[in-house]
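The values are calculated or read from the model by the stated rules, or taken from the named source; none is laboratory data. If you're wondering where the values come from, they're calculated on a predicted model, not measured in any experiment. As a convention, Cβ positions derive from the backbone with ideal geometry for all residues, glycine included, and neighbour counts pool all protein chains shown. For the accessible areas, the whole protein counts, side chains as well, though only heavy atoms, and no ligand, DNA or RNA atoms are used. Shrake-Rupley method; radii C 1.70, N 1.55, O 1.52, S 1.80 Å.
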Amino acid sequence: GSIQPEKLADVLTDYKTAEVDTGKKWIDGRPIYRKVVRGVVNMTGGYNTSSLPHDIQGLSNSWELIRYYGNIRLSGNLNNNPIKQAFPYIEGTHQSGITSIDQTNITISGSYAWGNSEVSVTLEYVK
């Protein structure tokens, strides 16, 4: 038989702003965690770069990002606009995306001064 989505453990199907141990292991045996990070970045100034704190505790120097996915509403809020931009956002004249993730922040940059932009990013990582 097949496995039905409603039969999967909550940890595999739930998305939370709190850190979740997915129950999966990375190639070196470390547990893979997932966390949804939401907030507003202000992409203004010369480089149109802003940092969003992820509040992940206990990242070692050997932490690894397994994958990330998410969206942003450039110059707006996610909850009141029918159009979202996926990461990375690429069009003919402008781009925006995650430029780096360190032990404290997600850095988001763009080619235009979009100002306040709401972000929702799901991170999967090992510590």
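Take THR122 and decide whether it is open to solvent by 20 Å² or more (accessible area, probe 1.4 Å) and closer than 16 Å to GLY39 by Cβ.
No: the conditions fail for THR122.
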Which residue, of GLY110, GLY97, GLY70, is touching a strand residue (DSSP E or B) at 6+ places or on another chain (Cβ under 6 Å) and closer than 24 Å to ALA18 by Cα? GLY70
The one condition in (1) among the small types (Gly, Ala, Ser); (2) open to solvent by 50 Å² or more (accessible area, probe 1.4 Å); (3) in contact with an Asp or Glu (Cβ under 8 Å, 6 or more places away or on another chain) that GLY76 fails to fulfil: (2)
The one condition in (1) open to solvent by 50 Å² or more (accessible area, probe 1.4 Å); (2) touching a strand residue (DSSP E or B) at 6+ places or on another chain (Cβ under 8 Å) that VAL36 fails to fulfil: (1)
Does the stretch 90-119 hold any residues that are within 30 Å of ILE27 (Cα to Cα) and surrounded by fewer than 20 Cβ atoms within 10 Å (Cβ to Cβ), and which are they? GLY97, ILE98, THR99, SER100, ASP102, GLN103, THR104, ASN105, THR107
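Need at least 2 residues that are over 16 Å from the mean Cα position of the chain (by Cα) per element, so show me which strands (runs of 3 or more DSSP E) inside the stretch 57-127 make the cut, counting only ones lying wholly within it. Even if it seems obvious, please write down each step before you answer.
Numbers: elements: 64-73, 95-101, 105-110, 115-126.
Strands (runs of 3 or more DSSP E) meeting the threshold: 115-126.
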Do you know which of the residues in the stretch 13-33 that are at pLDDT below 95 and of a type in the set (S, T, N, Q) is most open to solvent (accessible area, probe 1.4 Å)? THR13
